[in-house]
């Protein structure tokens, strides 16, 4: 019976091959897995103790933090070993429990996991490196761990870069004599970005829901033609708008204000499209019922449409927030560099990098202000991000 | 519906639509015409609406024209044509590589796996992060001597090698591919999610039928999977082309258009894509010229879109 299935299934030619080969492959993959696990977990655990040590060390003294890290090193090693052992026992037990015929498939899946894990390492490495470097004291960014060049977690960490970027350190206190200079820090930039992105996202979402409702459910002469015009403008490259919008904003006297950053981008054709698609699925009978009950048009919109379309509205809000959080070109153009209240995070980073060209620790800690909040947001709302960004494409 | 009711409905529709419609007309429709108007003016006397001087078509002649000089025809603005070439090279590298990387990841993930959502999210994450910051991080990774790549490669290959002494971004031959590599890693997760959704929509029965007919795995990929993924590939090509024409932030962050390369008797920026060149004109105060360039880019975009529509219109039916 067994030999029969082997012959009938051409997809598992390895099943006819010698078992020793499969054992060799298994051992190779097993060793690779242990190496990956020790590398990744070792660095992650070390990173966690490093952050704890950097914040625990009074006065941000790197040497003291280094002491703390050394004292916690055994914990890192023990945790890494425990993780590796756990993975090893799972792999070996699964291997033994897998029927001989299934072992080729097992090896394939095993290999797949290793590839995916290695892929995640490659894709996320830049951000891990950013986090690690942001804790390195000035002048030590160049130092590498000679015993292990892949160890990028600093041995003697400090939070000095963050205090300097926020102008909370001694030099920052000296700058506070000049209130404009003192405000040029990443705390201000962060708040500016937050205000710009939230306000823009709120208004875009509001106007797009109102417009989307009309296109999905209401009557209007020439509605399809109007929608066609909207869709046609989506093909126009964004670069096209740089010059005329700049002239318009300047002639309105808005140069260097937050309003200048958001006003030209409040009409989101993409948002209208997205909300129209969704609102078309809301049954018209609900609207009719509300109308018979005597609800006004605005009440129908607020009580019936908005709650039902909430998931998609939230998605549009997040996507718009994101696009304004990182809308570098436009914000760079309308920023008045003399006025710290108009400097947002990306512009602030570009400005900052010009001043501290090779001070890696400072640039990286400044970058954290842009990256870390978005990563945290993503962890909580990943479904909205992923579905929102990709669904427009699939529906076409 | 009776006539008065109909007009009430129209009025309320207009009321709902008015905030969007006003903003749309003022900030999206009007600028297209305004840009055309500006493209006939010269602004070299300094910024301001009063300093504009009518120059007719001369901006366009300067951009697109050629002249006779020293026994040969030469472009009036070789840097513009060069930036177009760099843009197409950028697109030509990043679009196929991006599609390949996304498809590869999607095929890996299109299996029964624990933690599939974790991998999906991890690959998608770099997509939503700020382009400028990602560019800055990669610049420092690529940096000679102190960058991560230089340090790791020095530990393996010794200090006397390319990554440590020059760095990929400082050589005109590797700068653009280095940017492409960083951007492909950043963007692969997006295409991956699209491909994954499409792959999961392909019924298992199709593959079972192919198995029975004796098709090999690679035949199944080329003759079943790939054709069914064609709409996604098509979409990614279009967005990729628009993305290349709009590319600016990654160039600004990583190379600022450099490093310089000498071709003929012109010194040109080896990563100066069209979007970056447009920005440089704008930054230099040549607003009318920048407006004219943006119109040329619009014409190119519309041309490409038109060709694709014609090309694929028969295909879809």
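Values quoted throughout were computed directly from the atomic coordinates according to the rules given, and no laboratory measurement underlies them. Because the structure is predicted, anything quoted here is derived from the model rather than measured. Positions of Cβ are backbone-derived with ideal geometry, glycine not excepted, and every protein chain shown enters the neighbour counts.
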Hydrodynamic radius by Kirkwood for the stretch A:176-324, inverse mean 1/r across distinct Cα pairs, in Å, is 17.6
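Could you tell me which of rounded, prolate or oblate describes the stretch A:210-249, using a ≥ b ≥ c as the square roots of the eigenvalues of the alpha-carbon gyration tensor, with rounded for a/c under 1.5 and, failing that, prolate when a/b is larger than b/c and oblate otherwise?
Details: a/c = 3.22, a/b = 2.32, b/c = 1.39.
It comes out prolate by the Cα gyration axes.
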Any idea how far the Cα center of the stretch B:279-314 sits from the one of the stretch B:154-223, in Å? 29
What list do you get for A:383, B:286 if you sort them by fewest beta carbons within 10 Å? A:383, B:286
Separation in nanometres of the label points that stand 7 Å from Cα toward Cβ, at residue A:251 and residue A:44: 5.7
Chain B: equivalent-ellipsoid semi-axes (sqrt of 5 x gyration tensor eigenvalues, Cα, Å): 39, 35, 21
Using only helices, what value at 222 nm comes out for the protein assembly as shown when you add -39,500 (n - 2.57) per DSSP H run of length 4 or more and divide by the total residues, to the nearest 500 deg cm²/dmol? -22500 deg cm²/dmol
Quick one: work out the % antiparallel among DSSP beta bridges in the protein assembly as shown, nearest 5. 100
So for chain A, averaging the separation of alpha carbon pairs under 8 Å that are six or more residues apart and normalising by length, what relative contact order in percent results? 20
Multiply the residue separation of residue A:173 and residue A:219 by 0.36 nm, subtract the distance between their alpha-carbon atoms, and state the gained length in nm to one decimal. 10.4 nm
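How large, in Å, is the stretch A:309-396 by the Kirkwood hydrodynamic radius built from its alpha-carbon pairs? It would help to have the intermediate numbers written out before the result.
Numbers: mean 1/r = 0.0670 Å⁻¹.
For the stretch A:309-396, the Kirkwood estimate is 14.9 Å.
When B:80, A:135 are ordered from fewest to most other Cβ atoms inside 10 Å of their Cβ, what list results? Could you put the intermediate results ahead of the total?
On the way: B:80 22, A:135 27.
Least to most surrounded, the residues fall as B:80, A:135.
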Cα centroid of the stretch A:340-373 to Cα centroid of the stretch A:233-308, whole Å: 32
In nm, give the distance between the simple-model label positions of residue B:22 and residue B:161, each being 7 Å from the Cα along the Cα-to-Cβ direction. 6.3
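Rg(Cα) of the protein assembly as shown divided by 2.2 N^0.38 Å? Don't skip to the answer; put the middle values down first.
On the way: Rg = 28.6 Å, N = 713, 2.2 N^0.38 = 26.7 Å.
In units of the 2.2 N^0.38 Å rule of thumb, it is 1.07.
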Inter-label distance, nm, simple model (7 Å from Cα along the C-beta direction), residue A:295/residue B:260: 6.7
How large is Rg/Rh for the stretch A:72-206, to two decimals, with Cα atoms and a Kirkwood Rh? 1.18
Please say if the stretch B:86-152 is rounded, prolate or oblate, where rounded means a/c under 1.5 for a ≥ b ≥ c the square roots of the C-alpha gyration tensor eigenvalues, and otherwise the choice is prolate for a/b larger than b/c and oblate otherwise? oblate
Can you give the FRET efficiency for residue A:75 and residue A:128, using 1/(1 + (r/R0)^6), R0 = 35 Å, r = Cβ-Cβ distance, to the nearest 0.05? 0.95
Sequence of A:347, B:55, A:375 once ranked by neighbouring C-beta atoms within 10 Å, starting from the fewest: A:375, B:55, A:347
Per q in 0.08, 0.14 1/Å, what log10 I(q)/I(0) does a Debye calculation on the alpha-carbon atoms of the stretch B:159-317 return? -0.40, -0.93
Over the stretch A:153-238, the quotient of the Cα radius of gyration and 2.2 N^0.38 Å is 1.98
